[in-house]
Structures are given as C-alpha cells and as structure tokens.
Amino acid sequence: MPKQDSKGGKAAQRKPAARRPAAASAAAGPAPITKAKLIDHLNDDLAKEFQALIQYVQHAAVITGPQYDAIRVELAVHSNEEHAHAISLSEQIDFLGGTPGVDVAAVQVSKDSKVMLEQDLEGELDAIARYKARIAQAEQLQEYGLRRALEDILMVEEEHARDLQNALDL
Ligand SMILES: [Fe+2]
Ligand SMILES: [Fe+2]
C-alpha cells in the first residue's frame with residue numbers, strides 16, 4: 001500500500017533526526033569549570049541577590065492598587081529571603097576560598113506597578129536559569145555542600161517566580 005509505505009518512510013526518517021541532537025549534547029557534556037571561575041559566578045549571583053533584596057524593599061513600599069495588596073506583603077517576604085540567599089552565597093564563597101563581594105547589580109525601578117512586578121519576575125527567571133547552571137557546575141567540581149545550598153536557593157526562587165506570575169495573571 002503506497003500510503004502506508006510513505007507514512008512508515010517519514011516516521012523512519014524522523015526518528016534518527018530526533019535522537020541526534022540529544023546524543024550530541026550528552027556526549028559534549030557541560031562546559032568545564034574551574035573553582036576560580038565558579039567563585040566569580042557566585043559573586044555575580046551575590047550582586048544580583050543584593051539587587052533583588054533592595055528592589056523588593058522599594059517595590060513593596062511604592063506598589064499601589066488594591067489588586068496588588070496580597071503581592072505587596074509577599075514582596076517584603078521575598079526581600080528577606082533574598083537577604084538569606086546573600087548570606088548563604090557569601091558563606092559558600094568563603095568556604096571555597098574566595099572573597100564575598102559587596103557589589104550590587106543594577107536595581108530596576110518603575111512608576112508603574114505592573115512593570116515593577118514584570119521587572120521582579122524577569123529577575124527571578126534569570127536567577128532560576130543561573131542557579132540551575134551553578135548547580136551543574138558545583139556537581140562537576142564535586143562541591144556537594146555548595147550544590148545543596150544552591151538547590152535550597154533555587155526552590156525559593158521558583159516560589160518567588162510563581163508568586164509574581166500569579167499576581168500578573170500569567
Ligand atoms: Fe535569591
Ligand atoms: Fe527571588
């Protein structure tokens with residue numbers, strides 16, 4: 001039957017094509033990392049935790065609108081949690097033999113309440129991607145205590161993102 005032959009032919013062509021990228025990326029593995037480079041990355045993460053801490057304090061104070069009553073309270077809670085992350089990262093950087101930085105990444109502000117929440121969400125999504133990469137790097141260097149600390153931070157950042165997505169009706 002010509003129809004069956006052509007379907008079978010297409011399926012047979014698709015399968016190996018779908019497998020190839022996965023096999024290639026598995027073979028390549030994660031990019032190699034050194035302890036010094038990991039400390040640099042963790043200090044970048046720390047600067048962004050200080051940014052988030054400050055940004056949430058400001059946004060919690062100035063956000064307006066009855067629809068944002070619940071998230072206003074959450075933003076202040078988030079700020080405290082970013083503070084805890086900064087303490088955890090600073091300890092981990094010190095354990096690794098580095099010096100915890102005191103830089104603050106650029107704080108995002110707006111006069112528009114919805115834009116504030118979008119800025120906060122953008123920061124959280126960026127944090128989630130960075131901490132996933134950092135966990136893989138810690139694993140590569142067999143720094144399992146660091147990996148555990150980063151996993152704890154990642155879980156909280158995922159909660160933060162969900163809170164903001166709910167407030168933004170996403
Ligand atoms: Fe954080
Ligand atoms: Fe966060």
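Values in this text are rule-based calculations from the coordinates and carry no lab data. Fair warning: this is a prediction, and the values are worked out from it, not measured in the lab. When we count neighbours, we look across all protein chains shown, and the Cβ atoms used for this are built from the backbone with ideal geometry, even at glycine.
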Estimated distance in nm for a label pair at residue 169 and residue 61, the labels positioned 7 Å out from Cα along Cα-to-Cβ: 3.0
Binned Cα-Cα distance frequencies in the range 113-157 - 5 Å width, integer %: 5, 24, 25, 17, 12, 8, 6, 3, 1
Value in Å of the Kirkwood radius, where the range 44-109 supplies the Cα pairs that are averaged: 12.6
HN-Hα J in Hz across the range 49-62 - Karplus 6.51, -1.76, 1.60, θ = phi - 60°, x for Gly and Pro: 5, 4, 4, 4, 3, 5, 4, 5, 4, 5, 5, 4, 6, 9
Percent of C-alpha pairs per 5 Å bin, the range 43-82, short to long: 6, 28, 29, 18, 11, 5, 2, 1
Rounded to whole Hz, the Karplus (6.51, -1.76, 1.60) HN-Hα couplings of the range 145-155, x for glycine and proline: x, 4, 4, 4, 4, 5, 5, 4, 5, 4, 4
Label point distance in nm, residue 106-residue 126, each placed 7 Å from Cα along Cα→Cβ: 0.9
Residues 116, 155 arranged by fewest to most Cβ contacts within 10 Å: 155, 116
At R0 = 25 Å, FRET efficiency that the Cβ-Cβ distance of residue 54 and residue 152 yields, to 0.05: 0.70
